[in-house]
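All remarks here apply to the structure that follows.
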Amino acid sequence: MLADKAYSSAAFRQACRERGTEPIIPRPKTTGIKGLGKLRYVVEQTFALLHQFRRLAIRWERRLDIHDGFVSLACVLICWRRLINWTDQRSC
């Protein structure tokens with residue numbers, strides 16, 4: 001798990017280890033993790049792509065299973081659009 005310096009506490013690190021993940025968190029007053037910005041960009045880009053669907057940007061559904069279904073559908077549409085754009089570029 002990658003996290004910012006704000007999450008650098010013994011309790012948080014222990015909670016991560018209990019869940020079977022290795023925390024990669026810089027200690028306070030040290031330089032950041034090299035390459036963390038690239039990983040952060042991927043996460044922020046994913047949220048931006050999902051929020052182009054208004055129904056996901058503002059959660060209207062009360063039931064989690066319906067919301068999960070819409071998130072899955074949005075992911076399929078995003079992948080489909082990228083695949084179409086990729087094949088159009090390759091066919092030229």
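Around the amide H of LEU2, modelled in the peptide plane, lie the amide H atoms of ILE24, all under 5 Å away and 5 or more residues distant in sequence or on another chain.
Distance between the 7 Å Cα→Cβ label points at ASN85 and GLN14: 4.6 nm. The 3J(HN,Hα) values that the Karplus relation (6.51, -1.76, 1.60; θ = phi - 60°) gives for the range 63-70 are, in residue order, 8, 5, 5, 5, 4, 4, x, 5 Hz. Gly and Pro appear as x.
Dividing the C-alpha radius of gyration of the chain by 2.2 N^0.38 Å, with N its residue count, gives 1.49. For the pair PHE53 and ALA6, the difference between a 0.36 nm per residue extended length and the Cα-Cα distance amounts to 13.8 nm.
Coordinate-derived values only; no laboratory data. Keep in mind that this is a model prediction, so the values were computed, not measured. Note that each Cβ is placed from the backbone with ideal geometry, even for glycine, and that neighbours are counted across all protein chains shown.
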